[in-house]
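Single-structure report; data block below.
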Amino acid sequence: MAGATVRLLVGTHKGGFMLTSDAARSSWALSGPFFAGADVHHLMLDTRTTPTLWACVNNGWFGPGLGYSHDFGASWGQPTQGLRFAEGGTRAVERAWVVTPGTRHGELFAGVDPAALFRSEDTGFSWSEVGALAAHRTRDQWNPGFGGLMVHSIAPHPTDAARMHVGVSAGGTFESRDGGASWEPRNAGVLADFAPEPYPEAGQCVHHLERDPHDADVLYQQNHCGVYRSDDAGASWVDISDGLPARFGFPIIVHPSERGTIYVVPESAAEHRTTPEGRFAVWRSRDRGEHWERCDRGLPSDGAYLHVYRQATAVDACDEPALYVGTSTGQLFASLDAGDSWRLVRDHLPPIYSVEAAVV
C-alpha cells in the first residue's frame, strides 16, 4: 500500500489523539488532544465516504455526547439530534462508549451506558434508540460491571444488514436478524461464575466481542470468565482459554489476513486487573484458540503491572498488518510482524481507553 497514510485514533482519559505515519509505520506524528480534559472513550475514522472522525466524548460538566470532524480534528461538530432517549422516560445516557459503521450506506451504530443501542441512518446527523435491545425480556438479569452497564461491542454482519451482534457488560451477547426489531441471547456455553446459575441464559460479562473477517458466522469474545469462540453465529460457544496464564482479560484481536489468528492480553484476577506476575505480554493463537504462544519480545517484562482496556487494541489494514496495544498508563506499542516483536510507539499519554487504526 505504497503512498497510504496510516492513522491511529487514540481515545484517552484526557482527550483524543491522532498519530499519523506512512505505510512504513516507522515514525509517527502526534496531533491533539481533541476535547482536552474529557474522557474520550472511543475515537474512530469512518472512511466509507468523506473520511470522518467520530468521538465518544464524556465531559464531567456537560455530560456525554458525540463529536465529528471532516478535517482530521481541525474542527468539530455535533449531531443535530444526538444520543438521547425518548422524552417522558426516566432513563438518561450516562456515557457514550463506542461508534461503529453499519452495513448500509450512511448507517452508524453507537453503544451507551445504561446498556442501549442507537442507530443513525444519515451518516450521524440524527440518532434514535434501537429500543428492543434495552427492553429485552432478560433485562432484569443484566447488572453493571466495574465500568458500568453498557453496550461496548457492536458487530454488524458484513453483507446482511438485518443481522448484527452486540456485547453487553454485564448482560451477555445478543443477536438480531431483523434489523434490531428483536434480539436473541447468544450465550450457550459461556460461564458466569459470579452468578447463582453458572451458565445462565443472559447476564454474562462480555468484555469484548469480534467477528472473524473470513467467516461471518465465527465470533470471538474475551469474557470476564474466559476466552470463547463460536462457529455458529453465537448459538453455542467453545471455551478456548486452555494454555493462557489467566482466563480474565479485556481486548481480543482477530487478524484480518491470517485466517484463524487471534490475540488476547490476559490479566490476573478481576480484583487485580494487571499483567500476571508483572510480565506484560500479548498471547497469540494461530489455530483459532486451540494453542497459545506468548509474544513479549520488546515488551516490558520486569515489574510491568500494566492494564489494557477493552477497546485499547487494534490492527491496521496494510498489506502486512500491524498490531497496536495501548495501556492504562499511557504506553502505545506496535508490532509489524504479527506479534513476534514489539516496540514502543508513544509513551506518557493519558490512560488509553481505545485504539483504532485506519488506512487512507
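Here are a few things to note about the model shown:
Results for (1) at pLDDT 95 or above; (2) closer than 16 Å to G249 by Cα; (3) among the hydroxyl-bearing types (S, T, Y); (4) in contact with a Gly (Cβ under 6 Å, 6 or more places away or on another chain), shown as yes or no for each residue.
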{"residue": "V151", "(1), (2), (3), (4)": "yes, no, no, yes"}
{"residue": "P158", "(1), (2), (3), (4)": "yes, no, no, no"}
{"residue": "A161", "(1), (2), (3), (4)": "yes, no, no, no"}
{"residue": "V166", "(1), (2), (3), (4)": "yes, no, no, no"}
{"residue": "D178", "(1), (2), (3), (4)": "yes, no, no, no"}
{"residue": "F194", "(1), (2), (3), (4)": "no, yes, no, no"}
{"residue": "E201", "(1), (2), (3), (4)": "yes, no, no, no"}
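- Scanning segment 104-120 for residues that are in a loop (DSSP other than H, G, I, E, B) and crowded, with 16+ Cβ neighbours inside 10 Å gives E107, P114, A115.
- Test: L45 is crowded, with 18+ Cβ neighbours inside 10 Å and closer than 29 Å to T20 by Cβ: yes
- If you filter segment 188-234 down to residues that are of a type in the set (F, W, Y) and assigned to a strand (DSSP E or B), you find that the one that is surrounded by the most Cβ atoms within 10 Å (Cβ to Cβ) is Y228.
- Residues of segment 259-280 that turn out to be at pLDDT 95 or above and among the β-branched types (V, I, T), as a count: 4
- Qualifying residue in segment 183-200 (condition: among the acidic types (D, E) and either in contact with a Ser or Thr (Cβ under 7 Å, 6 or more places away or on another chain) or touching a residue at least 60 places away in the same chain (Cβ under 8 Å) (or both)): no
- Within segment 198-214, the only residue that satisfies the criterion of being in contact with a Pro (Cβ under 7 Å, 6 or more places away or on another chain) and within 15 Å of H152 (Cα to Cα) is H208.
- The single residue among G298, G243 that is farther than 26 Å from G172 by Cβ and surrounded by fewer than 16 Cβ atoms within 10 Å (Cβ to Cβ) turns out to be G298.
- Scanning segment 235-254 for residues that are part of a loop (DSSP other than H, G, I, E, B) and more than 19 Å from T313 (Cβ to Cβ) gives A235, S236, W237, D242, G243.
- Within segment 260-279, the set of residues being touching a Ser or Thr at 6+ places or on another chain (Cβ under 7 Å) and free of Cβ contacts under 8 Å to residues at least 40 places away in the same chain comprises S268, T274, P276, R279.
- Pair list, Cβ < 7 Å and 6+ apart or interchain, from segment 155-174 residues that are on the phi > 0 side of the Ramachandran plot to residues that are in a strand (DSSP E or B) and of a type outside the set (S, T, N, Q): G172/P185; G172/V206
- Only one of the numbered conditions (1) touching a Ser or Thr at 6+ places or on another chain (Cβ under 7 Å); (2) closer than 21 Å to W342 by Cα; (3) modelled with pLDDT of 95 or more is violated by W283, and that is (1).
- Unmet requirement for A317, which otherwise passes all of (1) under 20 Å from M18 (Cα atoms); (2) of a type in the set (A, V, I, L, M); (3) crowded, with 19+ Cβ neighbours inside 10 Å: (3)
- Of all residues in segment 260-279, one or more are in contact with a helix residue (DSSP H, G or I) (Cβ under 7 Å, 6 or more places away or on another chain), surrounded by fewer than 21 Cβ atoms within 10 Å (Cβ to Cβ) and not in a strand (DSSP E or B).
- Options T100, T123; residue that is surrounded by 13 or more Cβ atoms within 10 Å (Cβ to Cβ), in contact (Cβ under 8 Å) with a residue 60 or more places away in the chain and either in a loop (DSSP other than H, G, I, E, B) or not charged (D, E, K, R) (or both): T123
- For segment 126-147, filtering for residues that are in a strand (DSSP E or B) and either of a type outside the set (G, A, S) or at pLDDT 95 or above (or both) leaves 3.
The values are calculated or read from the model by the stated rules, or taken from the named source; none is laboratory data. Small disclaimer: the values here were computed from a predicted structure and weren't measured. Counting neighbours? That spans all protein chains shown, and the Cβs are built from the backbone with ideal geometry, glycine included.
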